[in-house]
Amino acid sequence: MSQVQPQFDPNDPKYICCCGCHVTVGAKILASLQTASIILIALGVIPMIQQVKREPHFTSILVTFICIFLIIALINGSLWYGLITEREGFLIPTLICMVSVLSLLVCC
């Protein structure tokens with residue numbers, strides 16, 4: 001007895017998300033928004049660097065901010081790589097990060 005697996009159809013209606021767009025298009029939109037927010041965060045670091053030059057006790061805050069920024073940038077890079085190469089394993093860090101942030105928002 002051989003089991004025949006169904007052929008994968010990427011245009012199946014079950015892969016349509018909100019507003020009638022495909023899941024990959026929706027994920028690319030979210031990745032673009034996340035990239036834009038990362039750029040805004042990077043622009044926020046510049047005044048902090050100037051602040052550290054004037055008041056050195058802000059150094060630990062700046063280091064923490066930069067570490068968080070680098071982690072978010074790596075997660076976003078993983079998201080883009082997973083979307084472009086269509087490898088779902090690279091989307092997992094983004095999902096874990098989103099679930100963590102949402103659970104923190106709900107708990108607080």
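The values are calculated or read from the model by the stated rules, or taken from the named source; none is laboratory data. It should be emphasised that the depicted structure is a prediction, and the values quoted were computed from it without experimental measurement. All Cβ positions, glycine included, derive from the backbone under ideal geometry; neighbour counts span all protein chains shown.
Report the residue count in segment 38-60 for those that are farther than 28 Å from G77 by Cα and among the small types (G, A, S). Reasoning before the result, please.
Quick first cut of segment 38-60, residues farther than 28 Å from G77 by Cα only: 51-58.
If we keep only those that are among the small types (G, A, S) as well, we get none.
Residues that pass the stated criteria total 0.
Does A42 qualify as being farther than 29 Å from P10 by Cβ and among the small types (G, A, S)?
Values: farther than 29 Å from P10 by Cβ: yes; among the small types (G, A, S): yes.
The answer is yes for A42.
Run F65 past the list (1) surrounded by 12 or more Cβ atoms within 10 Å (Cβ to Cβ); (2) at pLDDT 90 or above and report the number of the one that doesn't hold.
(2)
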